[in-house]
Amino acid sequence: MNDRKRLGMLTPSSNTVLEPVTYAMLADLPDVTAHFGRFKVTEIALSDQALGQFDDSQILRAAELLAHAKVDVIAWNGTSAAWIGFESDERLCERITAATGIPACTTVLAYREIFRRQGISRVGLVSPYTDDVQRRIQANWGAAGFVCTAERHLGITDNFSFAEISEETINGMIREVVGQGCEAVVVLCTNMNGARVGSALEAELGVPVYDSVAVTLWKSLATASTDPSRMKGWGGLFRLD
């Protein structure tokens with residue numbers, strides 16, 4: 001009997017962080033592998049052109065190709081629903097499963113699940129995004145009961161450039177939102193190097209730090225019937241009840 005689990009992940013085309021970070025996180029789980037499919041995403045903005053990158057049709061084409069690898073889950077490893085709306089990811093998951101027969105999950109829906117399970121209502125939001133994208137995220141999450149009581153963002157639109165943000169900068173942003181007051185910190189972008197920084201800081205600061213790449217992996221493991229608590233050294237996320 002083959003007990004290997006294959007995690008399928010849909011990836012923005014210009015993302016250079018989530019693949020190596022996911023591989024690093026899975027290094028101690030030899031029976032779990034990650035497999036990636038890309039579709040075009042180069043800019044994060046609220047223009048029609050930028051929003052059109054997340055049209056379900058191109059994501060579904062990528063998902064159908066990823067299904068050829070007989071993965072156990074297909075995860076949209078990206079945060080677009082944070083500014084487009086939770087319902088966009090709900091619809092996407094339904095369409096992926098209908099098209100492939102494979103369970104689906106997303107980064108943003110996983111965040112919502114974590115907040116609800118942990119009773120978190122006051123969030124510190126860290127992102128690389130522009131003022132208007134950040135405001136849209138705050139409005140969407142606030143309407144769902146997750147108020148961003150503290151936030152820091154960098155005003156960048158070029159998706160590739162998010163990966164160039166230093167861990168030192170991310171460290172400082174996390175510290176600043178914790179200083180303003182929040183129940184948990186969210187590093188909202190799957191192309192920021194926040195996973196290692198966040199897991200180290202939460203032990204120091206006493207506040208959970210939920211990095212987007214880590215959150216997606218946590219939900220992918222659970223959806224593929226693999227115990228997330230097998231992950232060691234990457235923060236309290238993987239020890240949630």
Assigning unit charges at the beta carbon (Lys, Arg +1; Asp, Glu -1) and nothing else, what dipole magnitude in debye, to the nearest 20, does region 110-212 show about its Cα centre? 440 debye
In whole angstrom, note down how far apart the Cα centers of region 163-177 and region 86-117 are. 28 Å
Around L46, what is the net charge, scoring Lys/Arg as +1 and Asp/Glu as -1 over all other residues with Cβ under 9 Å from its Cβ? -1
From DSSP H assignment alone, runs of 4+ in the chain each adding -39500 (n - 2.57), the sum over residues rounded to the nearest 500 puts [θ] at 222 nm at -13500 deg cm²/dmol
Compute the length gained on full extension between R38 and D55: take 0.36 nm times their separation in residues and subtract their Cα-Cα distance, giving the result in nm to one decimal. 4.8 nm
Can you give me the convex hull volume of the Cα atoms of region 110-212, divided per residue and expressed in Å³? 85 Å³
Global form of the chain, assessed from the alpha-carbon gyration tensor, a/c cut-off 1.5: oblate
Could you calculate the contour length gain from D3 to D227, that is, 0.36 nm times the residue separation minus the distance between their Cα atoms, to one decimal place in nm? 79.3 nm
Return the sequence-ordered ³J(HN,Hα) values of region 39-52 in whole Hz as given by the Karplus equation 6.51 cos²θ - 1.76 cosθ + 1.60 applied to θ = phi - 60°, using x for Gly and Pro. 9, 5, 9, 10, 9, 10, 7, 9, 5, 4, 5, 5, 5, x
Would you pull out the residues with amide H under 5 Å of A34's amide H, same chain only if 5 or more places away, H placed 1.01 Å from N? L7
Considering the dipole of region 111-240 built from charges on the beta carbon (Lys and Arg +1, Asp and Glu -1) around the Cα centre, which of L217, L154, N193 is farthest to its positive end? L217
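Please order R196, R4 by the number of other Cβ within 10 Å, starting at the fewest.
Least to most surrounded, the residues fall as R4, R196.
Here, each number is a calculation from the coordinates, and none is a lab measurement. The structure displayed is predicted, hence computed values, not measured ones. Neighbour counts run over all protein chains shown; Cβ positions are idealised from the backbone, glycine included.
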